[in-house]
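The values are calculated or read from the model by the stated rules, or taken from the named source; none is laboratory data. Note that the structure is predicted; figures quoted are calculated from it, not measured. So basically every Cβ, Gly included, is an ideal-geometry build from the backbone, and we count neighbours across all protein chains shown. Accessible surface is based on the protein model in full, side chains and every heavy atom, while ligands, DNA and RNA are left aside. Shrake-Rupley method; radii C 1.70, N 1.55, O 1.52, S 1.80 Å.
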Amino acid sequence: QAQLVESGGGLVQPGGSLRLSCAASEISFRYYDMGWYRQAPGKQRELVASITEGGRINYEDSVKGRFTISRDNARNTVYLQMTSLKSEDTAVYYCNARQGSTEYWGQGTQVTVSS
């Protein structure tokens, strides 16, 4: 059964950095578009960054210049490097894999930005 497992979340001070990882199993990872979403308390889940199977990348406006998404097809893993973190980045971050009408979600990893 397909599985996405996120890691790398935690507590970080404002201005700090974190790198999230999402390891996929039981899917043909290289053929999936991958995305990172986040959901803060009381808010809807939003797309933060995405990378297509062909490598095209998009970012949500508030993270442009601070976050970097990348993928390693040999390791079936997608990453989200987050720098210059702000309190408003605090959320549960979810990994998503999508191919046509098929999609999978990870269980989420908490990122808390606080002094």
Chain lengthening between Ser114 and Arg98 when straightened (0.36 nm per residue, less Cα-Cα): 2.5 nm
For the chain, report the accessible area per residue in Å² (1.4 Å probe, heavy atoms, rounded to an integer). 54 Å²
What's the magnitude of the charge dipole for the range 1-85 around its Cα centre, counting Lys and Arg as +1 and Asp and Glu as -1 at the beta-carbon? Answer in Debye, nearest 20. 180 debye
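Can you tell me how much longer the chain between Ala40 and Ser87 gets when fully stretched, taken as 0.36 nm per residue apart minus their C-alpha distance, in nm with one decimal? Write down the numbers at each step before the final one.
Working: separation 47, 0.36 × 47 = 16.92 nm, distance 1.09 nm.
That pair, Ala40 and Ser87, stretches by 15.8 nm at full extension.
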What are the ³J(HN,Hα) couplings of the range 8-19, residue after residue, when phi is run through the Karplus curve with 6.51, -1.76, 1.60 and θ = phi - 60°? Round to Hz, x for glycine and proline. x, x, x, 9, 9, 6, x, x, x, 10, 8, 10
Over the chain, what is the relative contact order in whole percent, taking alpha-carbon pairs under 8 Å and six or more residues apart? 37 percent
Could you tell me the calculated FRET efficiency between Ile57 and Ser28, based on Cβ-Cβ distance and R0 = 25 angstrom, to the nearest 0.05? 0.80
When every protein chain stays in place and a 1.4 Å probe is rolled, Lys43, Lys86, Lys64 sorted by accessible area with the largest first are Lys43, Lys64, Lys86
On a full-extension model of 0.36 nm per residue, what is the gain between Trp105 and Leu47, subtracting their alpha-carbon distance, rounded to one decimal in nm? 19.6 nm
When every protein chain stays in place and a 1.4 Å probe is rolled, Ser25, Ser87 sorted by accessible area with the largest first are Ser87, Ser25
